[in-house]
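Each remark here refers to the structure printed beneath this line.
The values are calculated or read from the model by the stated rules, or taken from the named source; none is laboratory data. Computed from a predicted structure; not experimentally measured. Cβ placement follows ideal geometry from the backbone for every residue including glycine, while neighbour counts extend to all protein chains displayed.
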Amino acid sequence: MKLKLTYIFIFILTNSLLAQIELTTKVSKNKLGVNQRLRVEFTVNKQGADHFSPPSFNGFEVVGGPSQSVNQSWINGKVTYSQSYSYIIAPKRKGSLTISGATIEYRGQIIKSNPVTVAVVDAIELPKDPNDPDYIANQNVHLEVMVSNTNPYLGEGIYVEYRLYFSNNVAISDFDIKELPKFEGFWNQDIKIEEIVVKNGKFQGEDYRYFTIRKAVLIPQKSGKLALEPLSSDLIIGVPTGRGDFFGNPITRNIRKNFKTFKKTIRVKPLPLEGKPADFNGAVGDFDMKLTTSKEQLKANESTQLKIVVSGKGNLKLFEIPKVVTPQELEVYTPEHKENLKISLSGTKGLRGEVFDSYTVVPQFKGKYKIPPVSFSYFNPKDKKYHSIVSDNVFVNVTEGKELVTNSDADQYQQATDGVNKKVVTSNKSFRYIQSTTQLNSLDVEDFYKSNLFYVLLFLPFLAIPVAIVIGKKQKERANDLIGNRTRKADKLARKYLSQAKKLLGNKEAFYIALEKALHNYLKAKLQIETSEISKERITELLSSKGVDKEVSNKFIAVLDDCDFARYAPVTDVMMEEEYHKAKEVITKIDKQL
């Protein structure tokens, strides 16, 4: 029994020691031309391994190596160790070639590395100078657009991310976006990038670093082929010069180079006609719908809030909520529309949250009233089917108030009085309201002709002539004051569009929604376009084409950005009032320039 336990202990100990050692194979690139070279590196992570044996390199010719390097470090008391064996090899033919694993001996055990497959393609044109900075930048830096779905349904949201990949051979010190895609045919919402974070990843099978420079959620507004225009950016790239300093560290040189993404085509599928409900109004996603009331029992002239809510994930900003129909005996006010939406920082979950209409209902008569059910339909891209939701019955019970006289009640009352002989009783006082005598007084009125009032009215038109001349001159001066007229007109227009937002000062969410709508409604009236459906960059471009200064356009976009940001951040009443005055000022300036 003791012997068995000893064997088990030795077996577990041996496996644990072996599990800690690794021999890995890495290549400098997974795809190369038949006239290019490849660097292969075999790395062991344990000290004490020896008798290294390289693979046979079938299909390749070894043109350099092996070279060895050892790396050992102590961090927070933890020791790390690695020993590498590097080879430079050249492919002999095209095709998919496999580099088999190398072996090394560790404490009597043979450890083997992983095999790696590389693709060898036709010969490519090599530069005359392989140390040319422009060539090095092109080989080691790539600007790519990542799309979550290139074949969505009409109205289905997709996530777009623009990434900058760069290898360990170069460094990126700065970037400047020169041209943004317009996203024509899409409703779009940018996702704010708080800070640039460099991550490790793969590009075409090779190890790269990358960071995100822009990301957005797009919802296609029409079917067919839609193009994502390229994004252009200027980069400051540190490239190696091929020389080293006194200590052997490579010397780099900074160059400025422009990169562009490739044009991407999104093929948008139309929504199926089969099974499409009659009440479908464009909702695409995964939703739920509820109809509720704040009070089910109340008195006449008291109010209750009737609320219809659509929640879930999808194109929540791009369809109308079903209307609620109430009995005519209930007094119902125009509904208040609200949105509580958010986009995750990753953007992969798309637009989610809830939109709702809130109706204020004030009953006038006693009784129990039934609110008819509401139907809502949507298309779910996951199961490719239409779904319909019908709300539960909602009742409003009015316990106190005036009785409602129905038509049937009036008919019963009429029938009860028909055919009944009524005796009319008269008295001596029945006609006492008829006056039988009168008393007349003489009316002595002064003659209007040649009276004081007569002369005042006679000369009043002559007195009004100089007054009219003075007023006319003032009006002419005012009409010739073009700058003053523009300012007054623009200020009046700004107050008109911002009146609703001013009423909601102090109510953060409602205020910023009203302020954003006011800005979009103003541009809609001036530019005759639905500005809520285009990007902020496109708004800037349209304003510029109309002669609006870039500084003023930037202020307008800044107010829109503040509206988006303030919904999810703490805001004071003073900040809201400042935002209101900013919006008023920018509308006034834009209107003067337009």
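A few comments on the model shown:
- Leading residue by the ranking (farthest from GLY401 (Cα to Cα)) among those in the stretch 269-313 that are among the basic types (Lys, Arg) and at pLDDT 90 or above: LYS269
- Across the stretch 318-354, the number of residues qualifying as in a loop (DSSP other than H, G, I, E, B) and at pLDDT 85 or above comes to 13.
- Across the stretch 69-79, a minimum of one residue is classified as hydroxyl-bearing (Ser, Thr, Tyr), surrounded by fewer than 17 Cβ atoms within 10 Å (Cβ to Cβ), without any contact (Cβ under 8 Å) to a residue 12 or more places away in the chain and more than 30 Å from LYS263 (Cβ to Cβ).
- The stretch 379-396, subset out of contact with any Ser or Thr (no Cβ under 8 Å at 6 or more places or on another chain) and part of a strand (DSSP E or B), residue farthest from VAL284 (Cα to Cα): PHE395
- Qualifying position, being surrounded by fewer than 15 Cβ atoms within 10 Å (Cβ to Cβ) and either within 30 Å of CYS563 (Cα to Cα) or not assigned by TED's automatic domain parsing to the domain that holds GLU161 (or both), among LYS370, LYS366: LYS370
- Residue-level check: of (1) at pLDDT 90 or above; (2) within 22 Å of THR252 (Cα to Cα), ASP207 misses just (1).
- Taking first residues from the stretch 536-557 that are touching a residue at least 60 places away in the same chain (Cβ under 8 Å) and not assigned by TED's automatic domain parsing to the domain that holds LYS182 and partners that are surrounded by fewer than 16 Cβ atoms within 10 Å (Cβ to Cβ) and part of a helix (DSSP H, G or I), the Cβ contacts under 8 Å between residues at least 6 apart in sequence or on separate chains come to LYS536/ASP561.
- Residue match in the stretch 234-243 (condition: surrounded by fewer than 18 Cβ atoms within 10 Å (Cβ to Cβ), part of a loop (DSSP other than H, G, I, E, B) and assigned by TED's automatic domain parsing to the domain that holds TYR159): no
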